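See structure below.
The values are calculated or read from the model by the stated rules, or taken from the named source; none is laboratory data. Keep in mind it's a predicted model, so treat the numbers as computed, not measured. Glycine also receives a Cβ, built like all others from the backbone with ideal geometry; neighbour counts cover every protein chain displayed. Side chains are part of the model used for accessible areas, which takes the heavy atoms of the whole protein and leaves out ligands, DNA and RNA. Shrake-Rupley method; radii C 1.70, N 1.55, O 1.52, S 1.80 Å.
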Amino acid sequence: MSYPKILLMRHGETEWNVLGRTQGVLNSPLTANGRAQAEQLGRILFREIGSASGFDQYVSPLGRTLETAEGIKKHFDLAPKEDDRIQEINLGKIGGMTRFEVENEMPEQLEGKKGYEWYYGAPGGETFEQVYARSISWLNSLKGPTIAVSHGQVGKVIRGIYCGFSKAQMLDLGEPQGVVHVLENGYETLLRI
């Protein structure tokens, strides 16, 4: 399947990112650095495309992405529609926990898993297949060039589907903040200040 050009961004740094605490569909506010990253995203978008004219715009409905979108608006005319298909993975019982806490309270969740694979399939949480299904549903719904503010894990799945990666390759992708992922013609490039 061929998808339109997408400018995809992760929310700015949050208080829980700094503490190493998982968020999933839970939320913590942006740090001062996260608010600066959000404004940086707006500056990058303005520099690269000038205006949002001709772009459909989406944002995850979670607080940290909405807060990031507000920061972007200081430098770029962003007016996104909320779409829960691009919200972060539901982590179920491990939501709000640190890796150390998971290791001590639910060690079976980490057994034999690499990288962030342990985020998937937690009790009461989403599986990789569920995140993949809603990501591909969102991608298939796009009608033209798109700007989106989303999250780390679902962003990796969206980027991986777009680029034709395997599950293992998707899970190995980085999830930087303060950068714009340009997805175009089956490839990804990064835009930074």
Dipole axis of the chain (+1 Lys, Arg; -1 Asp, Glu on Cβ), positive-most option in Gly121, Ser60, Ile147
Ile147
Residues of the chain: accessible area per residue with a 1.4 Å probe, Å²
45
Pairs to check: Lys73/Lys143; Lys113/Lys143; Lys74/Lys113; Lys73/Lys93; Lys81/Lys167; Lys93/Lys143. Give those whose C-alpha atoms are more than 30 Å from each other in this structure.
Lys113/Lys143; Lys74/Lys113; Lys73/Lys93; Lys93/Lys143
If you average the sequence gap of Cα pairs under 8 Å that are 6 or more apart and divide by the length of the stretch 58-193, what percent do you get for the contact order?
24
Of all accessible surface on the chain at a 1.4 Å probe, what whole percent is carbon and sulfur?
50
By how many nm would the segment from Glu175 to Ser53 grow when fully extended, if each residue of separation counts as 0.36 nm and the alpha-carbon distance is taken off?
41.2 nm
Estimated D of the stretch 58-166 in µm² per second, where Rh is the Kirkwood radius over Cα pairs and Stokes-Einstein applies at 10 °C, 1.306 mPa s
105
Looking at the stretch 96-140, which trypsin sites (Lys or Arg not before Pro) are DSSP coil and have at most 12 other C-beta atoms within 10 Å of their C-beta?
Lys114
